[in-house]
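So the structure is just underneath, and the comments pick up after that.
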Amino acid sequence: MEAMPCRNQRLGPAPGPQDEQQPPVVLAAAAAGAGGGGGGCSRLIRFAEPDEGGESSPSPDSSSGSNNDGGVLVEARSPAAEIGAQLKLLPMNDQIRELQTIIRDKTASRGDFVFSADRLIRLVVEEGLNQLPYTECTVTTPTGYKYEGVKFEKGNCGVSIMRSGEAMEQGLRDCCRSIRIGKILIQSDEETQRAKVYYAKFPPDIYRRKVLLMYPILSTGNTVIEAVKVLIEHGVQPSVIILLSLFSTPHGAKSIIQEFPEITILTTEVHPVAPTHFGQKYFGTD
């Protein structure tokens, strides 16, 4: 049987007038298969990585100029462009903007807040999983055709920074039913006002795993920095840590990346004012 192409590969002849009316994302994905040559799946890269001069430039996998390989480029928004390529933003759209608005609205009911927060968490988690490595594979469909696809490599785990990070656990479990999740409790010392680790529990082989570190609001970055230090003490390399957050301040993201240049931060927005009430309102203790 003939192999079926993956979803980004073009079927049939060159695009006609009807194809030109399709949304840009569809055309970009379809063009990837036609220009890819080998018939393999091309990844959709949805981030712009800022260069050393602070201007946004496409990542090595993304499209730019005449080299259209299916990437949908999103310009890095200031001040995120000044922080570096390790900070990745979800592409902004009206859906995400509305969820951010409800979460920031002080008049929003707790029901609307939690519902919107869970939706935004799911989007971030899904994109975080998309950053994990995968291998190509071929499966047989019920009709007998061979389908060339991908499967994610095993050896991942989640770690939530208590308490607000626990709000993201269900979103991760909804995507990865059997994933192991560790926990870290970090609070400010009453005397020194410095972040202090009170509790840490991880899978015993966490040093061999890729870690999705969950903390929804990055304000100063001090809590995350302490959490990463604990992970390093347990043998985890910063290069395999993907920090999942919903909102970040420029100072918080910059502090984390300056301390750990190899870590990856994934968030929806970088803004000087972060919704620090998130944990209290999500758990109903505001």
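The values are calculated or read from the model by the stated rules, or taken from the named source; none is laboratory data. None of these values were measured; they are calculated from a predicted model. All Cβ positions, even for glycine, are placed from backbone atoms using ideal geometry, and neighbour counts span all protein chains on display. Please note that ligands, DNA and RNA were not included when accessible areas were found on the heavy atoms of the full protein model with its side chains. Shrake-Rupley method; radii C 1.70, N 1.55, O 1.52, S 1.80 Å.
Applying the criterion of being β-branched (Val, Ile, Thr) and open to solvent by 60 Å² or more (accessible area, probe 1.4 Å) to the residues of the stretch 89-130, the residue that is nearest to the chain's Cα centre (by Cα) is THR101.
Taking the stretch 188-265 and the strands (runs of 3 or more DSSP E) fully enclosed by it, the elements with 3 or more residues that are touching a helix residue (DSSP H, G or I) at 6+ places or on another chain (Cβ under 7 Å) and open to solvent by less than 10 Å² (accessible area, probe 1.4 Å) are at 210-214, 241-244. Of all residues in the stretch 157-187, those that are open to solvent by 90 Å² or more (accessible area, probe 1.4 Å) and more than 21 Å from GLY221 (Cα to Cα) total 5.
So in the stretch 128-151, with the set limited to residues that are in a strand (DSSP E or B) and among the polar types (S, T, N, Q), which one is nearest to LEU213 (Cα to Cα)?
Among residues in the stretch 128-151 that are in a strand (DSSP E or B) and among the polar types (S, T, N, Q), the one nearest to LEU213 (Cα to Cα) is THR135.
Determine whether the stretch 167-182 contains at least one residue that is among the polar types (S, T, N, Q) and at pLDDT 90 or above. Yes: the stretch 167-182 contains one or more residues that are among the polar types (S, T, N, Q) and at pLDDT 90 or above. Applying the condition of being touching a helix residue (DSSP H, G or I) at 6+ places or on another chain (Cβ under 7 Å) and under 18 Å from LEU89 (Cα atoms) to the stretch 266-286 and asking which residue is most open to solvent (accessible area, probe 1.4 Å) yields PRO272.
For the stretch 74-88, taking the residues that are open to solvent by less than 60 Å² (accessible area, probe 1.4 Å) and part of a helix (DSSP H, G or I), the one that is modelled with the highest pLDDT is identified as ALA81.
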